[in-house]
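The values are calculated or read from the model by the stated rules, or taken from the named source; none is laboratory data. Bear in mind the structure is a predicted one, so any value in this text is a computation, not a measurement. Glycine also receives a Cβ, built like all others from the backbone with ideal geometry; neighbour counts cover every protein chain displayed. We work out accessible area using only protein heavy atoms, side chains counted, and drop any ligands, DNA or RNA first. Shrake-Rupley method; radii C 1.70, N 1.55, O 1.52, S 1.80 Å.
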Amino acid sequence: MMKVMESAEGDEGERGRKQDVVGFRRRLRKVLMLVPVSKTLLTAVLQNHKVICQLSRGMRLVQFQTPYLKGPHLGLEEKDGGGVINLNAFDPSLPKTMREFLEQGETALSVAKRALESKQPILKRSEVTFLSPITQPDKVVCVGMNYVDHCKEQNVPVPTEPIIFSKFGSSIVGPYDDIVLPSKSKIHTT
């Protein structure tokens, strides 16, 4: 059975968020054990989930591209909508994809922490295009209706067991990219 995560508010918010992270990691481990995934990648994600979240409040690891840089690059987004520190410019030996970065584990994360502390020049948000978190994933396993608020929003009962579904890797796009429907798709409007 999976306990559905609830939003944590007020004084108990921090403790609730920590419990959510622990619960998330436990449930993610159970779900990912159902499908064959790279053991190295799974271990890196689970071991470093907490460390990634602690890089700095409001900062997150991103994959991005710019018109003047070839291929994807890794960065740290300052805050939602803020500038991006180019981790590959800070240390060219870092991999250029998130998957390879996560597989390097603590070694790569320590470089990201140093880049954050170095006050590295920051690219303006308008100069970068965010890519999907993991480009060209082998498989995408999803857990649906795992937040009480989402269930209420959809006006559906809270499930007692995980709702697992998958997506094709080609369906994953960047956070601000358009979702392109095939021309033969029929869109019904009411």
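Do we find that residue 143 is open to solvent by less than 60 Å² (accessible area, probe 1.4 Å) and more than 26 Å from residue 65 (Cβ to Cβ) in this structure? If you could, list the steps in order and put the result at the bottom.
On the way: open to solvent by less than 60 Å² (accessible area, probe 1.4 Å): yes; more than 26 Å from residue 65 (Cβ to Cβ): yes.
Answer is yes for this residue.
Specify the residue that is nearest to residue 176 (Cα to Cα); the eligible residues are those in segment 71-87 that are in contact with an Asp or Glu (Cβ under 8 Å, 6 or more places away or on another chain) and buried (at least 20 other Cβ atoms within 10 Å of the Cβ). First the steps, then the outcome.
Residues of segment 71-87 in contact with an Asp or Glu (Cβ under 8 Å, 6 or more places away or on another chain): 83-85.
Cutting the leftovers down to buried (at least 20 other Cβ atoms within 10 Å of the Cβ) gives us 84-85.
Values: 84: 15, 85: 19 Å.
The extreme case among them is 84.
Each row is one residue, and each column tells you yes or no for (1) open to solvent by 100 Å² or more (accessible area, probe 1.4 Å); (2) more than 30 Å from residue 64 (Cβ to Cβ); (3) assigned to a loop (DSSP other than H, G, I, E, B); (4) in contact with a helix residue (DSSP H, G or I) (Cβ under 9 Å, 6 or more places away or on another chain).
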site	(1), (2), (3), (4)
157	yes, yes, yes, yes
161	yes, yes, yes, no
166	no, no, no, no
170	yes, no, no, no
174	no, no, yes, no
179	yes, no, yes, yes
182	no, no, yes, no
185	no, no, yes, no
- Message: Taking the conditions exactly as written (exposed (fewer than 12 other Cβ atoms within 10 Å of the Cβ) and either over 17 Å from the mean Cα position of the chain (by Cα) or hydroxyl-bearing (Ser, Thr, Tyr) (or both)), does residue 90 satisfy them or not?
- Response: no
